[in-house]
1. Can Gly325 be described as touching a residue at least 40 places away in the same chain (Cβ under 8 Å), more than 23 Å from the chain's Cα centre (by Cα), over 20 Å from Tyr212 (Cβ atoms) and part of a loop (DSSP other than H, G, I, E, B)?
2. Being under 25 Å from Gly330 (Cβ atoms) and touching a residue at least 12 places away in the same chain (Cβ under 8 Å) is the filter; apply it to the stretch 175-199 and report the residue that is farthest from the chain's Cα centre (by Cα).
3. Can you run down the residue pairs with Cβ atoms below 7 Å, 6 or more apart or on separate chains, where the first is in the stretch 333-344 and open to solvent by 20 Å² or more (accessible area, probe 1.4 Å) and the partner is more than 9 Å from the ligand (Cβ to nearest atom) and assigned to a loop (DSSP other than H, G, I, E, B)?
4. The conditions are (1) touching a Gly at 6+ places or on another chain (Cβ under 8 Å); (2) surrounded by fewer than 17 Cβ atoms within 10 Å (Cβ to Cβ); (3) of a type in the set (S, T, N, Q), and Thr281 fails exactly one of them. Which is it?
5. Return the residues of the stretch 274-317 that are under 22 Å from Leu264 (Cβ atoms) and near the ligand (Cβ under 10 Å from one of its atoms); say none if nothing qualifies.
6. I'd like the full set of residues that are under 12 Å from Ala302 (Cα atoms) and under 23 Å from the mean Cα position of the chain (by Cα), limited to the stretch 269-283.
Amino acid sequence: MPSEKFARILAVEDSAAELRLLTDILEEDGFQVIGCTSATEAIRQLEPGRFGVGVVDLLLPDLDGIALLQEILKIDPDVRVIIYTGASSFDSVKEALNAGAFGYIEKLSDPGELLRHVHRAARARVGRYAADLEAAVAKRTEELARSNQELQAFASVVAHDLRSPLLTISGYCEILVEEFGLQLPQGAIEYLDHITLAAGRMGRLIDDLLDYSRVGRGRDPMRAVDLHAVVDQVRANLDAAIRDADAKIEVERLPAVRGDQTQLIQLFQNLVGNAVKFRDTRPVVVRIRCEAEGAMHRFAIADNGIGIAPKDFERIFLVFQRLHGKEYPGTGIGLALCQKIVERHGGRIWLESQPGQGSTFYFTLPAADPLPAPPPINDRA
Ligand code: ADP
């Protein structure tokens, strides 16, 4: 719950000296106070949500204290109003309580008494604020979950609907070449090749976008995952690219982490795949290492490739953001996917890089649950 001092106080008292005293006591205790010597001035200061507590004198020159109380509650029904009275007239206090005052205090009470009352009123207001906030957060979370689901459903439908005309396009290109290839001039065959390549690229884009939209759901349960098994799988999946680049992948001892195995394979595969893909003329060496960082493990995947300028560090994590053209194939979704996967696991991802020197991508993942403690010696067989 937010601190009671969060509640700003409106103090209304016609005697400037009394008001100063009141304000000093409250401010010294850490409250923020707006002091007014008349009801008119107080009403001018009021707006919904601005004040948590009002401390109001009953005898004001321009308006009866009860009328001011009503005016305050009309503008903001959540303000907790304490009547601050010197007249100790029981009838008017009773009237004020009936009109919605939170409590009352006599003017000459000691400062401790005054503060106790104000704290109680502030707690009541802030408690209400916290409850409102909680309800608003719960509502927003529900809305977000719903719109996320809708988005995922939308992505699936769109991807499905886009795939079928795409299959028709590439299918008919193939038929054209097979059935009429001999009659077509060389130029036409080249155009058909372009169409087929573009259709293939669009297919990959659709698949990647679908992967991206599905990260929130995850297919596998979160459990202890052996990262050596993950890296072995990644090596197998990237076998052709690794061999083509004659790349050396060096792996230090890796721990088990708590995660979704399929997504961890996607994460390592995108980063190792990029490390191999964005190479320059030097022999490719990719190093994977890990260090403990509290309850998390911090991983580093370092390459000696073309590197990235610091001005692009943030941009490359956005969907479809690529720094290169066709010379390096790709859809520009890989790093966005990596970021989403790492964040779903409660970690973060960042990089260090120098153009022409290479890049190191860092990310954190939660350590796997500790192994169960061994049984006591006596129980051991
Ligand atoms: P893709 O690899 O499909 O282009 P990514 O989202 O994986 O998309 O990467 C976005 C861009 O970030 C890449 O196009 C590239 O310009 C840059 N990039 C990513 N990884 C590296 C790397 N290891 N070395 C140099 N540039 C990289």
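1. no
2. Among residues in the stretch 175-199 that are under 25 Å from Gly330 (Cβ atoms) and touching a residue at least 12 places away in the same chain (Cβ under 8 Å), the one farthest from the chain's Cα centre (by Cα) is Leu192.
3. Here the result reads Lys340/Val215; Arg344/Val215; Arg344/Gly216; Arg344/Gly218, each pair linking the stretch 333-344 to a residue that is more than 9 Å from the ligand (Cβ to nearest atom) and assigned to a loop (DSSP other than H, G, I, E, B).
4. Among (1) touching a Gly at 6+ places or on another chain (Cβ under 8 Å); (2) surrounded by fewer than 17 Cβ atoms within 10 Å (Cβ to Cβ); (3) of a type in the set (S, T, N, Q), the lone unmet condition for Thr281 is (1).
5. The answer is Asn274, Ala275, Val276, Lys277, Phe278, Val286, Ile301, Ala302, Asp303, Ile316, Phe317.
6. Matches in the stretch 269-283: Leu271 only.
The values are calculated or read from the model by the stated rules, or taken from the named source; none is laboratory data. Predicted model only: the values in this text are computed from it and were never measured. Neighbour counts are summed over all protein chains in view; Cβ atoms, including those assigned to glycine, are modelled from backbone coordinates with ideal geometry. Side chains are part of the model used for accessible areas, which takes the heavy atoms of the whole protein and leaves out ligands, DNA and RNA. Shrake-Rupley method; radii C 1.70, N 1.55, O 1.52, S 1.80 Å.
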